[in-house]
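The values are calculated or read from the model by the stated rules, or taken from the named source; none is laboratory data. Everything numeric in this text was worked out from a predicted model, so none of it was measured. Here the Cβ positions follow ideal geometry from the backbone for every residue, glycine too, while neighbour counts run over all protein chains shown. Surface accessibility is based on the protein's heavy atoms, side chains included, excluding ligands, DNA and RNA. Shrake-Rupley method; radii C 1.70, N 1.55, O 1.52, S 1.80 Å.
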Amino acid sequence: MAKSTNTWFREKILLGMTPRDYIISNVNVPNLIAAVFLSAGVGVMIYRLLFGLGPSTNLSDNYPWGFWIGFDILVGIALAAPGLALGTAVHLFGMKDYHHFVRPAILSSLLGYVFAVFALLFDLGRYYRIPYLIGYSWGFASILFLIGWHFFLYINICLIEWAPALFEWLNLRKLREFFTKMAIWATIFGVIIAGGHQSALGGLYLVVPGKLHPLWYSTLLPVFFLLSAIFAGISMVIFESTISHRVFKRQLKNFDQAQFDRRTIGLGKAAASALFVYFILKFFDIAHYNNWSYLNTPYGYWYLVEILGFVLFPALLFTHAAIRHKPNLVRWTGFLTALGVILNRLNVSIIAYNWYIPISQKYYPIWMEFALSLGVVTMLVLFYRFIVNRMAIMYEHPEYESAH
Amino acid sequence: MPISRREFLKRTVTIAGTSLLGSSTIAHAYQKGGPSIFSTGNTANEGNWKLYEKIEATLPEDRYGVLVDTTRCIGCRRCEWACNEWNKNPNRPIKEFEASVHQEKSVFDAVRRMHAGNFTVVNRFYSSRDGKPIYVKRQCMHCENPACLASCFVDAYRKSTAGPVLHLPHVCIGCRYCMLACPFDVPAYEYYEPLNPQITKCTLCYDRITREGGVPACVEICPAEVMRFGKISELIKLAHERITKNPGKYVDHIYGEHEVGGTSWLYLSSVPFDEIGMRTDIGKTPIPNMSKGFLFGVKMFEIVGAWPLVFGAYYAISKARKKHKSGHDTSPEEKGGSHGEKH
Ligand code: SF4
Ligand code: SF4
Ligand code: SF4
């Protein structure tokens, strides 16, 4: 008995190696860097738990939300939108030829959400009360309530969508069949739920008309957040697939580079359309509030950097790349677009927030806030790698191929 | 004096923090807002919430509030002292408060805000009319339609029929969204409490005003009759009277009458309100209304609008299945060919 568990462990967890070989195979530079990040991150987590938010962050009564919300939640969730973007494309619009991208996308959404919530726990004062939200005290008028519940539901949805891969790995055929059937429904509900909370993240800032700079504040904030989550999601699919097709190349048996390039360009086109719509809406937004005069101020220049450099420019690049058939340009542009979304979320949550107070009194994160976030990102990447190395994420499981 | 457990813990934390990080973090924290940001273990909010549970149902439906006449304030800061005293916040001898107004270097040099250990602050501004100092007391405004209440995702606020907006610490998770939402930057947070940090704010002395003849501690101690406690409707009448009877003395505006839908604290001033640190750009719309439309929209979409989508998807799926069954061996060319139409 002991022996059979042992082989199971070796096959499934250690990739068929002996524990010694497994450890040796993992001693390399990237893993060492990861270990450094991890230990710094975990160290800060412990420090935060022991001493509270005051010593471990630069947060203050004027800046109740800082880098952990701005980056871990707003950026993290926007970049975890691949599941939303591809779920819609493949299951609702029937773009079946993108289904190769679906499993990695779902996995990154799942891990993205789980780790965003994990990081959030360190920002919440009384993290141990988080179950209150689900079953004890409901604030129906709160947008945060909507988001909390949607996160909860969406993580469950992602788990269902991911379950087939898990049960293929564990070789539990019946369960796998069951979850495969459910997965389609989960995707549909997932699209609704994800759309709801991506926009609600923008909706969070609807209540701060006096605190958020007028160029960023708008009643359309939810729409902007939803749209940008869509191109962020697509960009992340482009970005991730580029990386993972390099890193996990040996997993892809009959990999067709030309086809992969075509798909990438197709994704680029979709991202470009979303970017253009976003840009036009932003334009109307300024016109509607008659905010032109703000453009000629320091905040205005910063705004223009965001809108021209990280929205219009990538939109044009995507278009150019699609016309000229340049898949690598699409990949770089995907990266640029994702950077732009990061910039946008940090602008809304930190830089353009409390814009009227003097620069000297503005919030900036201290190293511990960065370290914790970096630690969480490292965990996410390690988990992603762990799962991809073991389960049928990048390829179709040989024994289950026909089921697709 | 024996040090209490909390005091001891606090010191240990400070020492540990200092030795771990160097004292710069602590020094920085002081810049962030003076010693009252280190305060922890607030009890006033919890006490008032317990009282609320007990007596709220028996209260008559009268809205009370306070009218502040900033032209009268002499900056003695006794209200700060009395508030600390009544609410068991960390306090100093009253002399130190009274001294500020005469000191060359004093707390008045910077505009302060409320922190974990103080529910109210008095700030100094200089009149644009005659250059004389104007002192302005600040605390929670006790909005008619409070942003803090609507924004809280675990419903940790209550609006009493008597006017006070109370925070219920027993459900608060500490997300601090209420601090973000409050247009007057009122709720403060115990950043230096690792395990059980609370939101703290003025209670409008719920535990005093619900007693026969009770007025808030800050109102009671004021030597210059700056503040008047009473029914809001009467206070507004009184304020208008003062404005019309003293032409030229006040700007013709009662701050709080309409701001974000009305507040229980009302202010009179001799100079425009933005010159004495009050936000005049927050509008008359209650903050909760800003997100109401969106919330409604999302719920409607998810409950009603989503169903056509679900059925549409079902239709698409079943159609795709049929197709899949009939043409099981779709060749790769065909698959690739369908790509073009997709976009
Ligand atoms: S002033 Fe702020 S804390 Fe006070 S009731 Fe209004 S929204 Fe709430
Ligand atoms: S900090 Fe507490 S009271 Fe404020 S919104 Fe969050 S849970 Fe509610
Ligand atoms: S009403 Fe009570 S709690 Fe509020 S500032 Fe005055 S004394 Fe303090």
* Which number in (1) surrounded by fewer than 24 Cβ atoms within 10 Å (Cβ to Cβ); (2) within 13 Å of another protein chain (Cβ to nearest Cβ); (3) in a helix (DSSP H, G or I) marks the one condition that A:Gly87 misses? -> (1)
* Pull up region B:197-224, narrow it to residues that are away from chain A (no Cβ under 14 Å) and touching a strand residue (DSSP E or B) at 6+ places or on another chain (Cβ under 8 Å), then point me to the one that is most open to solvent (accessible area, probe 1.4 Å). => B:Val215
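Return yes or no: is B:Arg138 closer than 30 Å to B:Glu212 by Cβ and either more than 16 Å from ligand 2 (Cβ to nearest atom) or crowded, with 23+ Cβ neighbours inside 10 Å (or both)?
Details: closer than 30 Å to B:Glu212 by Cβ: yes; either more than 16 Å from ligand 2 (Cβ to nearest atom) or crowded, with 23+ Cβ neighbours inside 10 Å (or both): yes.
Judged against the criteria, B:Arg138 is a match.
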* Inside region B:147-171, can you point out the residues that are under 23 Å from A:Ser60 (Cβ atoms), open to solvent by 10 Å² or more (accessible area, probe 1.4 Å), more than 7 Å from every other protein chain (Cβ to nearest Cβ) and in a loop (DSSP other than H, G, I, E, B)? -> none
* Asked: What do you reckon, is A:Ser349 closer than 30 Å to B:Arg279 by Cα, at pLDDT below 90 and in a helix (DSSP H, G or I)?
  -> no
* To do: From B:Asp281, B:Asp252, grab the single residue that is away from ligand 3 (no atom under 14 Å from the Cβ), more than 14 Å from chain A (Cβ to nearest Cβ) and not in a helix (DSSP H, G or I).
  => B:Asp252
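If you check B:Arg113, B:Arg124, B:Arg77, which single one turns out to be more than 16 Å from ligand 2 (Cβ to nearest atom), open to solvent by less than 60 Å² (accessible area, probe 1.4 Å) and within 14 Å of chain A (Cβ to nearest Cβ)? It would help to see each step written out before you state the result.
Details: B:Arg124 fails: within 14 Å of chain A (Cβ to nearest Cβ); B:Arg77 fails: within 14 Å of chain A (Cβ to nearest Cβ).
Answer to the selection: B:Arg113.
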* What tally of residues in region A:143-157 results from selecting those that are without any contact (Cβ under 8 Å) to a residue 40 or more places away in the chain, within 14 Å of another protein chain (Cβ to nearest Cβ) and open to solvent by 30 Å² or more (accessible area, probe 1.4 Å)? -> 2
* Structure fact -> Those residues of region B:47-63 that are more than 13 Å from B:Val165 (Cα to Cα) and either more than 21 Å from the chain's Cα centre (by Cα) or loosely packed, with under 15 Cβ neighbours inside 10 Å (or both) come to a total of 10
* To do: Only residues in region B:217-229 that are touching a residue at least 60 places away in the same chain (Cβ under 8 Å) and within 14 Å of B:Trp86 (Cα to Cα) count as the first member; pair them with residues that are open to solvent by less than 20 Å² (accessible area, probe 1.4 Å) and within 16 Å of ligand 2 (Cβ to nearest atom), Cβ under 9 angstrom, at least 6 apart or cross-chain, and list the lot.
  => B:Cys218/B:Phe119; B:Cys218/B:Cys202
* Output the residues belonging to region A:48-76 that are open to solvent by 10 Å² or more (accessible area, probe 1.4 Å), assigned to a loop (DSSP other than H, G, I, E, B) and touching a Gly at 6+ places or on another chain (Cβ under 8 Å). => A:Asn58, A:Ser60
* Return the residue satisfying two criteria in turn: it lies in region B:235-281 and is at positive phi and within 26 Å of the chain's Cα centre (by Cα), and of such residues it is surrounded by the most Cβ atoms within 10 Å (Cβ to Cβ). => B:Gly256
* Residue under evaluation B:Glu193, criteria (1) open to solvent by 20 Å² or more (accessible area, probe 1.4 Å); (2) within 15 Å of ligand 1 (Cβ to nearest atom), criterion not met -> (2)
* Do we have any residue at all in region A:116-128 that's more than 9 Å from every other protein chain (Cβ to nearest Cβ) and acidic (Asp, Glu)? -> no
* For region B:282-289, indicate whether the set of residues that are among the β-branched types (Val, Ile, Thr), modelled with pLDDT of 85 or more and surrounded by 17 or more Cβ atoms within 10 Å (Cβ to Cβ) is non-empty. => yes
* What residue, of B:Ala188, B:Ala181, is in contact with a Ser or Thr (Cβ under 7 Å, 6 or more places away or on another chain), within 14 Å of ligand 3 (Cβ to nearest atom) and within 14 Å of chain A (Cβ to nearest Cβ)? -> B:Ala188
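Say whether the condition of being over 20 Å from A:Ile143 (Cβ atoms), of a type outside the set (Lys, Arg), more than 8 Å from ligand 2 (Cβ to nearest atom) and touching a helix residue (DSSP H, G or I) at 6+ places or on another chain (Cβ under 9 Å) is met by at least one residue in region B:147-156. Lay out the reasoning, then the answer.
We begin by selecting, within region B:147-156, every residue over 20 Å from A:Ile143 (Cβ atoms); these are none.
No, that holds for no residue.
Working only within region A:27-46, note down all residues that are over 26 Å from the mean Cα position of the chain (by Cα) and open to solvent by less than 50 Å² (accessible area, probe 1.4 Å). If you could, list the steps in order and put the result at the bottom.
Narrowing region A:27-46 to residues over 26 Å from the mean Cα position of the chain (by Cα): A:27-28.
Correct list: empty.
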* Asked: Do any residues in region A:158-178 that are among the basic types (Lys, Arg) have Cβ atoms under 8 Å from those of residues that are part of a helix (DSSP H, G or I), where the two are at least six apart or on different chains, and which pairs are they?
  -> A:Arg173/A:Phe167; A:Arg176/A:Ala163; A:Arg176/A:Pro164; A:Arg176/A:Phe167; A:Arg176/A:Glu168; A:Arg176/A:Tyr400
* Asked: Being open to solvent by 10 Å² or more (accessible area, probe 1.4 Å), modelled with pLDDT under 85 and either away from chain B (no Cβ under 11 Å) or within 18 Å of the chain's Cα centre (by Cα) (or both), is that true of even one residue in region A:220-239?
  -> no
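Table: residues versus (1) within 16 Å of ligand 1 (Cβ to nearest atom); (2) at pLDDT 90 or above; (3) not aromatic (Phe, Trp, Tyr).
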site	(1), (2), (3)
A:Val102	no, no, yes
A:Leu111	no, yes, yes
A:Tyr128	no, no, no
A:Ile134	no, no, yes
A:Ser142	yes, no, yes
A:Gly148	no, no, yes
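Can you find even one residue in region B:139-146 that is under 20 Å from B:Phe108 (Cα atoms) and within 13 Å of ligand 1 (Cβ to nearest atom)? It would help to see each step written out before you state the result.
Here is the first cut: in region B:139-146, the residues under 20 Å from B:Phe108 (Cα atoms) are B:139-140.
Now restrict to residues that are within 13 Å of ligand 1 (Cβ to nearest atom): B:139-140.
Within region B:139-146, one or more residues are under 20 Å from B:Phe108 (Cα atoms) and within 13 Å of ligand 1 (Cβ to nearest atom).
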* Asked: Any idea which residue in region A:200-218 is farthest from the other protein chains (Cβ to nearest Cβ), counting only those that are open to solvent by less than 10 Å² (accessible area, probe 1.4 Å) and in contact with a Pro (Cβ under 6 Å, 6 or more places away or on another chain)?
  -> A:Gly202
